[in-house]
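What follows is calculated from the coordinates using simple rules that are stated; it is not laboratory data. Computed from a predicted model, the values in this text were never measured in an experiment. Please note: Cβ atoms are built from the backbone with ideal geometry, for glycine as well, and neighbour counts cover all protein chains shown.
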Amino acid sequence: MIHDVLIIGGGPAGLSAALALGRARRRILVVDGAPRRNAAATHVYNFLTRDGTPPAELRAIARAQLAAYPTVEVRDVAVAAIAGALGGFRATLADGGAVDARRILLATGMIDQPLPLPGFRELWGHAIVQCPYCHGYEARDRRWGYLVLPATAAHLVPFALQARAWTADVAVFTAGAVDVPAAAAAALAGAGIALYTAPITRLVARGDALAGVELADGTTIARDILFAHPPQRQVELVRALGVALDDDGYVKVEPLRPETSVPGVYAAGDLTTRGQAAILAAAAGMQAAAALNVSLALDPTAA
Ligand SMILES: Cc1cc2nc3c(=O)[nH]c(=O)nc-3n(C[C@H](O)[C@H](O)[C@H](O)COP(=O)(O)OP(=O)(O)OC[C@H]3O[C@@H](n4cnc5c(N)ncnc54)[C@H](O)[C@@H]3O)c2cc1C
C-alpha cells in the first residue's frame with residue numbers, strides 16, 4: 001500500500017496536517033518517535049480554546065479526533081531514513097519496517113541545545129523558558145532575567161522593553177559574551193532595566209525553581225524566571241535529507257507552498273521558522289496539507 005503522504009512528527013504541525021488531509025480523504029500515515037521539544041513544559045499556553053492544557057493532553061485530543069477519519073493512521077515509531085523521489089519515497093522505520101509514500105511532510109520540530117551553564121538543564125522548560133507569550137503571564141510581576149546570547153543580540157532591546165508588559169523588574173545578562181552598544185545600554189537604563197555584563201558561573205536552583213543568577217564577580221542576582229533562546233538544530237533525519245536551510249538553520253520554504261528544495265518533500269512547523277508556538281505550527285500544518293492535496297490532485301500518477 002502506498003500512502004499519499006507520510007507525515008513525520010506528531011506535534012501540532014503534523015497532527016494538524018493529518019486532520020486536514022484526512023478530511024480531504026487522503027491516505028495518511030503519521031509517525032512520531034522521538035522526544036517532544038516541549039517535553040519539559042507542563043502546560044501549553046496561548047492556544048485558542050486549549051489555554052493551559054498539558055502538552056500530552058493536547059496531542060491525545062488531536063489523535064482521538066483523527067480516529068474519526070478512516071484514511072488516517074498514527075504510529076509511535078521514528079523514521080530512520082528516507083530514500084526515493086517525488087511520487088515514490090520509501091521510509092525505513094526504527095523498528096525495521098518500511099513505508100511507501102508519494103509525498104513526505106517533515107514536521108519534526110527543532111532540538112534545543114542546552115547552554116553549558118551549571119543549572120541550565122535542570123531548570124529548562126519551567127524556570128528557564130524562551131517565550132514570554134507562552135509563559136510570561138504565569139510569571140507576571142515576578143523578577144525576570146533575560147540572558148542575551150550573541151545570536152540573539154539584535155533582539156536585546158525589543159525583548160527587554162516588551163518584557164515590561166508583564167513585570168516592572170527586568171534584568172538583562174550578557175554573560176560577558178555580547179557587546180552592548182551605548183544606545184542599547186541607554187535604552188535599557190532609561191526603562192529602568194538593570195544590565196549585568198559579567199560572565200555567569202551558574203544558575204542557582206532552589207528545588208525546581210530559579211533562585212538567582214550567580215556572576216563571576218561573586219554576586220548573585222535574585223531572579224524568579226530566566227528567558228533565553230538556546231541554539232537549535234535540525235533532527236538528524238532532516239540533515240541527512242539535505243534539504244536547503246536558511247542562514248539560521250531553518251528549512252527554507254514558502255509559507256503558502258511549503259515544498260523544500262527536495263521535490264515532494266514538504267515542511268511545516270518549528271523546523272521552518274524562528275516564530276515558534278504551538279498554534280503557529282498547527283496553522284502551518286494546515287497550510288502544508290492544502291498544498292500537498294493540490295500537488296497530489298495535479299499528479300496523474302496519484303489518482
Ligand atoms: C519548554 C517549552 C515550552 C513551550 N511552551 C509553549 C506554550 O506554552 N505555548 C506554545 O504555543 N508553544 C510553546 N512552546 C513551543 C511549542 O512547543 C512548539 O512551537 C511546537 O511544539 C512546535 O510544533 P511542531 O509540530 O512544529 O514540533 P514538535 O511539537 O516539536 O513536534 C515534532 C515531533 O516530531 C517528532 N520527530 C522528530 N524526528 C522524528 C523522526 N525521525 N521520526 C518520527 N518522529 C520524529 C518528535 O518526536 C516530535 O514529537 C514551548 C516550547 C518549549 C521548548
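Assorted remarks:
- Residue exposure sequence - Met110, Met1, Met286 - by fewest surrounding Cβ within 10 Å: Met1, Met286, Met110
- Distant alpha-carbon pairs in region 120-228 (separation over 21 angstrom), percent: 29
- Trypsin sites (Lys or Arg not before Pro) within region 99-151: DSSP coil, no more than 13 neighbouring Cβ in 10 Å: Arg140
- Separation between Cα centres of region 232-303 and region 143-175, rounded to whole Å: 31
- Shape category assigned to region 1-137 from the gyration tensor of Cα positions, a/c cut at 1.5: oblate
- Of all DSSP beta bridges in the chain, antiparallel share, percent nearest 5: 45
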